[in-house]
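All remarks here apply to the structure that follows.
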Amino acid sequence: GAVVSQHPSWVICKSGTSVKIECRSLDFQATTMFWYRQFPKQSLMLMATSNEGSKATYEQGVEKDKFLINHASLTLSTLTVTSAHPEDSSFYICRPELAGGQSSYEQYFGPGTRLTVT
Amino acid sequence: AQSVTQLGSHVSVSEGALVLLRCNYSSSVPPYLFWYVQYPNQGLQLLLKYTTGATLVKGINGFEAEFKKSETSFHLTKPSAHMSDAAEYFCAVSDSNTDKLIFGTGTRLQVFP
(Lines give C-alpha, C1' and ligand atoms only; values in the text may rest on other atoms or scores of the structure.)
Protein backbone atom coordinates (compact mmCIF):
# COMPACT_ATOMS: atom_id res chain seq x y z
CA GLY A 1 0.00 0.00 0.00
CA ALA A 2 0.89 3.64 -0.29
CA VAL A 3 3.23 5.13 2.28
CA VAL A 4 2.50 8.42 3.98
CA SER A 5 4.80 9.98 6.54
CA GLN A 6 4.38 12.80 8.98
CA HIS A 7 7.08 14.70 10.77
CA PRO A 8 7.42 15.17 13.62
CA SER A 9 5.47 12.32 15.16
CA TRP A 10 5.15 14.30 18.35
CA VAL A 11 6.09 17.79 19.43
CA ILE A 12 5.89 19.86 22.59
CA CYS A 13 5.97 23.62 22.25
CA LYS A 14 5.42 26.65 24.40
CA SER A 15 2.32 28.77 24.16
CA GLY A 16 2.72 31.53 21.60
CA THR A 17 5.19 29.71 19.38
CA SER A 18 4.55 28.20 15.95
CA VAL A 19 4.87 24.60 14.92
CA LYS A 20 5.18 23.16 11.42
CA ILE A 21 3.96 19.66 10.62
CA GLU A 22 5.01 17.97 7.40
CA CYS A 23 3.08 15.34 5.50
CA ARG A 24 4.78 13.46 2.70
CA SER A 25 3.40 10.92 0.27
CA LEU A 26 6.43 8.76 -0.32
CA ASP A 27 5.46 6.69 -3.33
CA PHE A 28 2.65 8.51 -5.05
CA GLN A 29 1.61 12.00 -6.07
CA ALA A 30 -1.16 13.75 -4.22
CA THR A 31 -3.01 16.62 -5.85
CA THR A 32 -5.27 16.96 -2.83
CA MET A 33 -4.42 16.90 0.85
CA PHE A 34 -6.88 16.68 3.71
CA TRP A 35 -5.87 17.72 7.22
CA TYR A 36 -7.73 16.38 10.23
CA ARG A 37 -7.60 17.11 13.93
CA GLN A 38 -8.46 14.63 16.64
CA PHE A 39 -8.89 15.69 20.24
CA PRO A 40 -8.41 13.06 22.96
CA LYS A 41 -11.09 10.40 22.93
CA GLN A 42 -12.89 12.12 20.07
CA SER A 43 -13.35 11.55 16.38
CA LEU A 44 -11.42 13.06 13.50
CA MET A 45 -12.61 16.44 12.34
CA LEU A 46 -11.73 17.72 8.90
CA MET A 47 -9.89 21.02 9.18
CA ALA A 48 -9.09 21.89 5.59
CA THR A 49 -8.65 20.64 2.06
CA SER A 50 -5.80 21.81 -0.12
CA ASN A 51 -4.98 21.31 -3.76
CA GLU A 52 -1.43 21.48 -5.01
CA GLY A 53 -0.51 25.01 -6.00
CA SER A 54 -3.68 26.67 -4.74
CA LYS A 55 -5.08 28.00 -1.50
CA ALA A 56 -6.63 25.66 1.02
CA THR A 57 -10.34 25.51 1.72
CA TYR A 58 -11.09 25.57 5.43
CA GLU A 59 -14.01 23.98 7.21
CA GLN A 60 -16.36 26.15 9.19
CA GLY A 61 -14.91 27.18 12.51
CA VAL A 62 -11.27 26.61 11.53
CA GLU A 63 -9.18 29.77 11.51
CA LYS A 64 -7.25 29.99 8.27
CA ASP A 65 -4.81 32.53 9.67
CA LYS A 66 -3.98 30.26 12.57
CA PHE A 67 -3.62 27.00 10.68
CA LEU A 68 -1.53 27.75 7.63
CA ILE A 69 -1.49 25.06 4.98
CA ASN A 70 1.01 24.91 2.17
CA HIS A 71 0.74 22.34 -0.59
CA ALA A 72 3.57 23.40 -2.83
CA SER A 73 4.33 20.04 -4.38
CA LEU A 74 2.59 16.79 -5.18
CA THR A 75 4.44 14.94 -2.45
CA LEU A 76 4.61 17.46 0.38
CA SER A 77 2.08 19.46 2.35
CA THR A 78 2.69 21.38 5.57
CA LEU A 79 0.42 22.53 8.34
CA THR A 80 1.72 25.35 10.51
CA VAL A 81 0.01 26.06 13.80
CA THR A 82 0.75 29.70 14.49
CA SER A 83 0.77 31.27 17.95
CA ALA A 84 -0.15 27.94 19.48
CA HIS A 85 -2.28 27.79 22.59
CA PRO A 86 -2.91 24.86 24.95
CA GLU A 87 -6.32 24.31 23.35
CA ASP A 88 -4.53 23.55 20.08
CA SER A 89 -3.05 20.45 21.69
CA SER A 90 -4.34 17.63 19.55
CA PHE A 91 -3.49 14.80 17.18
CA TYR A 92 -3.10 16.11 13.63
CA ILE A 93 -3.49 13.65 10.76
CA CYS A 94 -3.05 14.19 7.05
CA ARG A 95 -4.66 12.27 4.23
CA PRO A 96 -3.29 12.63 0.72
CA GLU A 97 -5.49 11.89 -2.25
CA LEU A 98 -3.86 10.21 -5.22
CA ALA A 99 -3.40 12.24 -8.36
CA GLY A 100 -4.81 11.41 -11.75
CA GLY A 101 -8.02 9.85 -10.58
CA GLN A 102 -6.18 6.91 -9.12
CA SER A 103 -7.48 7.28 -5.61
CA SER A 104 -9.52 4.07 -5.70
CA TYR A 105 -10.83 5.29 -2.39
CA GLU A 106 -8.03 3.63 -0.48
CA GLN A 107 -7.92 6.67 1.75
CA TYR A 108 -4.35 6.57 2.98
CA PHE A 109 -3.68 8.39 6.20
CA GLY A 110 -0.52 9.68 7.73
CA PRO A 111 0.51 8.22 11.11
CA GLY A 112 -0.35 11.49 12.86
CA THR A 113 1.46 14.17 14.81
CA ARG A 114 0.71 14.70 18.47
CA LEU A 115 1.04 18.35 19.43
CA THR A 116 1.20 19.38 23.07
CA VAL A 117 1.24 23.10 23.86
CA THR A 118 2.37 24.01 27.34
CA ALA B 1 -24.86 17.02 3.79
CA GLN B 2 -23.52 13.70 4.91
CA SER B 3 -23.29 12.41 8.44
CA VAL B 4 -22.48 9.26 10.34
CA THR B 5 -23.86 7.99 13.62
CA GLN B 6 -22.15 5.28 15.60
CA LEU B 7 -24.38 3.86 18.28
CA GLY B 8 -22.50 2.99 21.42
CA SER B 9 -19.27 4.75 22.30
CA HIS B 10 -18.08 1.64 24.12
CA VAL B 11 -18.64 -2.02 23.35
CA SER B 12 -17.30 -4.84 25.49
CA VAL B 13 -17.21 -8.47 24.44
CA SER B 14 -15.57 -11.64 25.64
CA GLU B 15 -12.81 -13.22 23.61
CA GLY B 16 -14.40 -15.50 21.05
CA ALA B 17 -17.73 -13.70 21.09
CA LEU B 18 -19.40 -11.95 18.18
CA VAL B 19 -18.41 -8.37 17.57
CA LEU B 20 -21.09 -5.97 16.30
CA LEU B 21 -20.34 -2.28 15.89
CA ARG B 22 -23.19 -0.19 14.58
CA CYS B 23 -23.03 2.57 12.00
CA ASN B 24 -25.85 4.50 10.37
CA TYR B 25 -25.33 7.15 7.75
CA SER B 26 -27.15 9.99 6.11
CA SER B 27 -26.37 10.97 2.55
CA SER B 28 -28.24 12.66 -0.27
CA VAL B 29 -26.12 10.87 -2.86
CA PRO B 30 -24.99 7.25 -3.10
CA PRO B 31 -22.49 6.94 -0.30
CA TYR B 32 -19.09 5.40 -0.08
CA LEU B 33 -18.67 3.84 3.35
CA PHE B 34 -15.58 2.94 5.32
CA TRP B 35 -14.54 1.36 8.57
CA TYR B 36 -11.22 2.25 10.16
CA VAL B 37 -9.38 0.99 13.21
CA GLN B 38 -7.14 3.13 15.36
CA TYR B 39 -4.76 1.82 17.98
CA PRO B 40 -3.53 4.19 20.72
CA ASN B 41 -1.34 7.03 19.44
CA GLN B 42 -1.44 5.72 15.90
CA GLY B 43 -3.04 6.77 12.65
CA LEU B 44 -6.00 5.11 11.02
CA GLN B 45 -5.93 1.79 9.25
CA LEU B 46 -8.57 0.92 6.69
CA LEU B 47 -10.50 -2.23 7.60
CA LEU B 48 -12.87 -2.29 4.65
CA LYS B 49 -14.82 -0.12 2.30
CA TYR B 50 -17.99 -0.15 0.23
CA THR B 51 -18.23 1.84 -2.97
CA THR B 52 -20.42 -0.07 -5.40
CA GLY B 53 -21.32 -3.66 -6.18
CA ALA B 54 -21.64 -6.41 -3.60
CA THR B 55 -23.21 -5.13 -0.43
CA LEU B 56 -21.41 -7.57 1.85
CA VAL B 57 -17.84 -6.40 2.13
CA LYS B 58 -15.03 -8.42 3.63
CA GLY B 59 -12.05 -6.69 5.14
CA ILE B 60 -8.87 -7.45 6.99
CA ASN B 61 -8.54 -9.29 10.28
CA GLY B 62 -11.77 -11.21 9.73
CA PHE B 63 -14.06 -8.18 9.78
CA GLU B 64 -16.94 -7.67 7.41
CA ALA B 65 -19.73 -5.17 6.95
CA GLU B 66 -22.99 -5.13 5.03
CA PHE B 67 -24.37 -2.08 3.26
CA LYS B 68 -28.12 -1.93 3.77
CA LYS B 69 -29.60 0.95 1.84
CA SER B 70 -33.11 0.46 3.21
CA GLU B 71 -31.78 0.78 6.74
CA THR B 72 -29.05 3.33 5.90
CA SER B 73 -26.69 1.12 7.85
CA PHE B 74 -23.18 -0.25 7.50
CA HIS B 75 -22.62 -2.32 10.64
CA LEU B 76 -19.26 -3.95 11.27
CA THR B 77 -19.10 -7.55 12.45
CA LYS B 78 -16.58 -10.21 13.31
CA PRO B 79 -17.65 -13.74 14.30
CA SER B 80 -15.04 -14.26 17.00
CA ALA B 81 -13.26 -11.49 18.87
CA HIS B 82 -9.55 -11.60 19.63
CA MET B 83 -7.76 -9.69 22.33
CA SER B 84 -5.85 -7.87 19.60
CA ASP B 85 -9.11 -6.41 18.27
CA ALA B 86 -9.30 -4.03 21.22
CA ALA B 87 -9.08 -0.57 19.65
CA GLU B 88 -11.11 2.42 18.53
CA TYR B 89 -13.24 1.91 15.44
CA PHE B 90 -14.49 4.67 13.18
CA CYS B 91 -17.16 4.55 10.52
CA ALA B 92 -16.88 7.15 7.76
CA VAL B 93 -18.83 8.27 4.71
CA SER B 94 -17.85 10.11 1.57
CA ASP B 95 -19.14 10.53 -1.95
CA SER B 96 -17.53 10.45 -5.35
CA ASN B 97 -17.92 14.18 -5.84
CA THR B 98 -15.83 15.50 -2.99
CA ASP B 99 -13.75 12.65 -1.56
CA LYS B 100 -14.24 14.30 1.81
CA LEU B 101 -14.44 11.81 4.62
CA ILE B 102 -16.95 12.46 7.38
CA PHE B 103 -16.29 10.41 10.48
CA GLY B 104 -18.52 9.04 13.17
CA THR B 105 -17.66 9.62 16.80
CA GLY B 106 -16.02 6.24 17.16
CA THR B 107 -16.63 3.10 19.20
CA ARG B 108 -14.10 1.77 21.63
CA LEU B 109 -14.03 -2.01 21.58
CA GLN B 110 -12.85 -3.83 24.67
CA VAL B 111 -12.21 -7.56 24.61
CA PHE B 112 -12.13 -9.47 27.87
CA PRO B 113 -10.43 -12.86 28.29
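The values are calculated or read from the model by the stated rules, or taken from the named source; none is laboratory data. Predicted model only: the values in this text are computed from it and were never measured. Ideal geometry is used to build each Cβ from the backbone, glycine not excepted, and the neighbour counts take in all protein chains shown. Surface areas here come from the heavy atoms of the whole protein model, side chains and all, with no ligands, DNA or RNA. Shrake-Rupley method; radii C 1.70, N 1.55, O 1.52, S 1.80 Å.
Tell me, what does the Kirkwood hydrodynamic radius of region B:6-54 come to in angstroms if you use every pair of distinct C-alpha atoms?
Working: mean 1/r = 0.0747 Å⁻¹.
Value: 13.4 Å, from the Cα pair sum.
Over chain B, Cα pairs under 8 Å with separation of 6+ residues give a relative contact order of 38 percent. Scanning chain A for cysteines with no neighbouring cysteine C-beta under 4.7 angstrom from their C-beta gives A:CYS13.
For the protein assembly as shown, what Kirkwood radius comes out of the mean inverse Cα-Cα distance, in Å? Please list the in-between numbers first.
Working: mean 1/r = 0.0548 Å⁻¹.
Taking the inverse mean of 1/r over all distinct Cα pairs, the protein assembly as shown comes out at 18.2 Å.
Each 5 Å bin, from zero up to the one with the longest distance, holds this percent of the alpha carbon pairs of chain B: 2, 13, 24, 25, 19, 10, 4, 1, 0. Region A:7-83 and region B:59-113 have their alpha-carbon centroids 26 Å apart.
Ranked from largest to smallest solvent-accessible area, with a 1.4 Å probe on the protein heavy atoms, A:HIS71, B:HIS82, A:HIS7 come out as A:HIS7, B:HIS82, A:HIS71. Bridgeable lysines around A:LYS14 (alpha carbons under 24 Å apart, same-chain partners fewer than 8 residues away excluded): A:LYS41, A:LYS64, A:LYS66. Solvent-free Debye calculation, one equal scatterer per alpha-carbon of region A:9-102: log10 I(q)/I(0) at 0.15, 0.22 Å⁻¹ equals -0.56, -1.14. Fully extending the segment from A:SER54 to A:GLN42 would add 1.3 nm, taking 0.36 nm per residue of separation and subtracting the current Cα-Cα distance. Could you compute how much accessible area chains A and B hide from each other, both sides summed, with a 1.4 Å probe? Nearest 100 Å² is fine. So the total buried area for this chain pair works out to about 1600 Å².
Within region A:1-49, the percentage of alpha carbon pairs spaced more than 15 angstrom apart rounds to 62%.
Projected onto the charge dipole of chain B (+1 at Lys/Arg Cβ, -1 at Asp/Glu Cβ, origin at the Cα centre), which of B:PRO79, B:PHE103, B:GLY59 gives the Cα projection farthest towards the positive end? Farthest towards the positive pole: B:PHE103.
Compute the accessible area per residue over the protein assembly as shown, keeping the other protein chains in place, probe 1.4 Å, unit Å². Show your work: numbers first, answer last.
On the way: 11090 Å² over 231 residues.
Counting only protein heavy atoms, the per-residue value for the protein assembly as shown is 48 Å².
Each other residue within a Cβ distance under 11 Å of B:TYR32 adds +1 if Lys or Arg and -1 if Asp or Glu, for a net charge of 0.
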